[in-house]
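All remarks here apply to the structure that follows.
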Amino acid sequence: MATECYTQLGFGFQPKLVVDFAGGTLTTDAGLLLVRQFVGHALPLGDVHHGRVETALATHAPAAGVHQRSWTLPPLRRRLSGRAEVKVQFLGHAGLLIQGGNTRILMDGWFSPAGAFDSSWFQLPSNHHLGERDWSHVDAFVVSHEHLDHLDAGFLRRQSAATPLHVVSFGSPLFLRKILRTTGRTPKVLGTGREYQIGEIRARAWIEPSPMNQDSVWAFTHRGRSIVHTVDSRLSIEELDEILEFTGGPPDLLLLQHSGASWYPLVYEILSPVEKRMRSLTKRERKLAYARSVADHMRPGTVVINAGPPAFLDPQLRQVNADPSFPTPGESRAWLEKVGYRGRVEAPLPGDEIDLRTGEMTEDPAMHGEFSWAQAESYIEGYARRCEPAIAAAYRHADELRVIDMDAAVHEHFTAMLALSPYFNERIDLTLCLDVEGPQSGRWLIDFGRSPSVRKARDGDEYQYRYTMHSRWLKRILVEGLPWEDFFLSLRFTAFRDPDIYNDHLLGLMKFNDPASLTAVEEYERSLSDETIVRDTPDGLRCEIARYCPHAGAALDHAPIEGHLLTCLNHHYVFDLDTGKCLTGNCVLRARKLS
Ligand code: FES
């Protein structure tokens, strides 16, 4: 039997919380739990009914600001049987150790002393010691996606092969192949439409609808306590509601990524330092605004700001530490306060632990003794010295790779890429200049237009995109199959584009470079419904537009409109409703003026 928790308008139109558990007895504990689930935090004891209430309906005036809405909770009996022993230990960056009853799940642990992305990113603060811990008591590992600050292959290789590794499938075997190749493990693949029992913990994952964006959100529950780890996914309101239904109301803990995880606008040489800074600030605000909208919708007991910023310790990259797209947790927390977010926000350090039954946070004394965000700059100085050998090893390894004929290797690589997907080539429809510096330098043009081709560049040739990189990193790609996206995330390149428009399909083709993944994206994009909706601009223009964003399929029913510009909330592409043209990406929204 379902238990429902919802609001009604009571006397004076004040919202009233209604707990309807369809039979049984509502005790004080049950009332407290349900009320807490509903408003997102514990209310004072005197605010709820005391004692036993021998009726199927109990009403209570909730705290101010509760919006009218409802959802179905799992049966009361199941939620209240036994005490909810759920603890979460924060392991640095996006890593978590979740303990529910006797089950322990370790998610997205990243501990490598060599950092990630060829030692361009490092954990901040260092959590390398946690990788050396005995993790044999863990019942399962979870990895949300393929980025190396979430998938620590060396760590997973050292763990017992008997401990299962859980992942989701993104519609192609690429992620699974990467795990097998780098960790030697065959993961357990969970479907995204259903829940799973991992020991005593219920788990469910969500992914973005388009296979172009391969990231996943995970939710875990144990006896009425719940954790939602959003990682770097963008979810629709419908998906957030599905998560709330799974967690039975606001989660106790909501982990939100606040820091940048891409190379835009850092590497773009077309931008002046001032423009770059402005764009980084805009990007950060958008990311935080999205995080806030998720927190507003889910009303968790505690928001945890996590997954960054990383430390850039390579002398070539040290200036990135000051870029606004990588804010400190303190800056993000201050922003949330400034825009009126009033819920509890925590920014734990590695080793800190929260007890979800009491909400109490226990700090790791050694970590708090050696690191504080206020002194991050001087900490990074010493950290960089300690990590010099790892960075030098990454350079040495790349330098020692041998390519006998660079021209032939570049031709072979891009000729194969150009043959993968006419669908992608057609949508890229531009010429890319690959500008390689250092030993075996050269310039090549890769034409993705009607007659795809690769050739050496000549003076005066025209192109719309350019990547400039050192030949050592190109050798990592050509000889060792380093994925282009892993290279791009290292930030060891500069980029040019004219016009200044992001070409999503170019990145998609380069990062996947795999026929099955490209086919999955093509099938998804071709399947997008023709459904239309009518939206009005503030000055009264009525427009019929495609219901789903041409970028990655997000519903546009609630996309904000300013003037005649509509902004998709998923990745913030901006569309001109007069023409349908996307001002920030290479796609077009079907749009027709009705008045
Ligand atoms: S789905 Fe990416 S901007 Fe709309």
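The values are calculated or read from the model by the stated rules, or taken from the named source; none is laboratory data. None of the values given here were measured: they were computed from a predicted structure. Positions of Cβ are generated from backbone atoms using ideal geometry, with glycine treated the same way; all protein chains shown enter the neighbour counts. With ligands, DNA and RNA removed, areas are computed over all heavy atoms of the protein, side chains included. Shrake-Rupley method; radii C 1.70, N 1.55, O 1.52, S 1.80 Å.
With the condition kept exactly as written, say whether any residue in segment 326-339 is surrounded by 15 or more Cβ atoms within 10 Å (Cβ to Cβ) and basic (Lys, Arg). Spell out how you get there, then give the answer.
From segment 326-339, those surrounded by 15 or more Cβ atoms within 10 Å (Cβ to Cβ) are 326-329, 331-333, 335-336; that's our starting set.
Among the residues that remain, those that are also basic (Lys, Arg) are: 333.
Yes: one or more hits.
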(request) Residues being in contact (Cβ under 8 Å) with a residue 40 or more places away in the chain and among the small types (Gly, Ala, Ser): count how many of those fall in segment 129-187. (result) 5
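Does residue 345 fit the bill of being assigned by TED's automatic domain parsing to the domain that holds residue 91, farther than 22 Å from residue 148 by Cβ and either under 22 Å from the mean Cα position of the chain (by Cα) or in a strand (DSSP E or B) (or both)? Show your work before the answer.
Working: assigned by TED's automatic domain parsing to the domain that holds residue 91: yes; farther than 22 Å from residue 148 by Cβ: yes; either under 22 Å from the mean Cα position of the chain (by Cα) or in a strand (DSSP E or B) (or both): yes.
Yes: the conditions hold for residue 345.
Give the residues of segment 291-304 that are of a type outside the set (Lys, Arg) and either out of contact with any Lys or Arg (no Cβ under 8 Å at 6 or more places or on another chain) or open to solvent by 10 Å² or more (accessible area, probe 1.4 Å) (or both), sorted by residue number. Give the derivation first.
Restricting attention to segment 291-304, the residues satisfying the condition of being of a type outside the set (Lys, Arg) are 291, 293-298, 300-304.
The answer is 291, 293, 294, 295, 296, 297, 298, 300, 301, 304.
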(request) Among the residues of segment 349-380, write down those that are within 17 Å of residue 87 (Cβ to Cβ), open to solvent by 30 Å² or more (accessible area, probe 1.4 Å) and modelled with pLDDT of 95 or more. (result) 353, 360, 361, 362, 363, 364
(request) Those residues that are within 20 Å of residue 472 (Cβ to Cβ) and surrounded by fewer than 18 Cβ atoms within 10 Å (Cβ to Cβ), I need them from segment 414-425; list them, please. (result) none
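Does residue 519 count as hydroxyl-bearing (Ser, Thr, Tyr), part of a loop (DSSP other than H, G, I, E, B) and away from the ligand (no atom under 16 Å from the Cβ)?
No, not satisfied.
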(request) Restricting attention to segment 386-410, report how many residues are surrounded by 13 or more Cβ atoms within 10 Å (Cβ to Cβ) and within 25 Å of residue 510 (Cα to Cα). (result) 11
(request) Please give the number of the condition residue 389 fails out of (1) without any contact (Cβ under 8 Å) to a residue 24 or more places away in the chain; (2) not acidic (Asp, Glu); (3) not in a helix (DSSP H, G or I). (result) (3)
(message) If I filter segment 563-583 down to residues being open to solvent by 50 Å² or more (accessible area, probe 1.4 Å) and within 9 Å of the ligand (Cβ to nearest atom), which single residue comes out as farthest from residue 504 (Cα to Cα)?
(response) 569
(message) For segment 199-209, which positions are closer than 16 Å to residue 163 by Cβ, open to solvent by 10 Å² or more (accessible area, probe 1.4 Å) and hydrophobic (A, V, I, L, M, F, W, C)?
(response) none
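Please work out if residue 233 is buried (at least 21 other Cβ atoms within 10 Å of the Cβ), under 21 Å from the mean Cα position of the chain (by Cα), touching a residue at least 24 places away in the same chain (Cβ under 8 Å) and within 16 Å of the ligand (Cβ to nearest atom).
Numbers: buried (at least 21 other Cβ atoms within 10 Å of the Cβ): yes; under 21 Å from the mean Cα position of the chain (by Cα): yes; touching a residue at least 24 places away in the same chain (Cβ under 8 Å): yes; within 16 Å of the ligand (Cβ to nearest atom): yes.
Considered against the rule, which asks whether it is buried (at least 21 other Cβ atoms within 10 Å of the Cβ), under 21 Å from the mean Cα position of the chain (by Cα), touching a residue at least 24 places away in the same chain (Cβ under 8 Å) and within 16 Å of the ligand (Cβ to nearest atom), residue 233 comes out as yes.
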(message) Just to verify a result, which residue in segment 526-538, among those that are in contact (Cβ under 8 Å) with a residue 24 or more places away in the chain and in a loop (DSSP other than H, G, I, E, B), is nearest to the chain's Cα centre (by Cα)?
(response) 528
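Here are some residues: 194, 223. Which one is at pLDDT below 95, on the phi > 0 side of the Ramachandran plot and charged (D, E, K, R)? Full working, then the answer.
Numbers: 194 fails: on the phi > 0 side of the Ramachandran plot.
On inspection, the qualifying residue turns out to be 223.
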(request) Select from segment 426-445 the residues that are buried (at least 17 other Cβ atoms within 10 Å of the Cβ), outside any strand (DSSP E or B) and free of Cβ contacts under 8 Å to residues at least 60 places away in the same chain and list them in ascending order. (result) 440
(message) I need the full set of residues from segment 539-548 which are open to solvent by less than 30 Å² (accessible area, probe 1.4 Å) and outside any strand (DSSP E or B), in order please.
(response) 541
(request) Determine which single condition residue 508 fails, assuming it passes every other condition in (1) farther than 22 Å from residue 489 by Cβ; (2) among the small types (Gly, Ala, Ser); (3) assigned to a helix (DSSP H, G or I); (4) within 13 Å of the ligand (Cβ to nearest atom). (result) (1)
(message) For segment 473-481, check the following and say yes or no: at least one residue is under 21 Å from residue 519 (Cα atoms) and open to solvent by 20 Å² or more (accessible area, probe 1.4 Å).
(response) yes
(message) If residue 546 satisfies all but one of (1) within 12 Å of the ligand (Cβ to nearest atom); (2) farther than 30 Å from residue 173 by Cα; (3) within 25 Å of the chain's Cα centre (by Cα); (4) not aromatic (Phe, Trp, Tyr), what's the number of the condition it fails?
(response) (3)
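Among the residues of segment 549-562 satisfying the criterion of being part of a strand (DSSP E or B) and aliphatic (A, V, I, L, M), which is nearest to the ligand (Cβ to nearest atom)?
For segment 549-562, the residue satisfying everything is 555.
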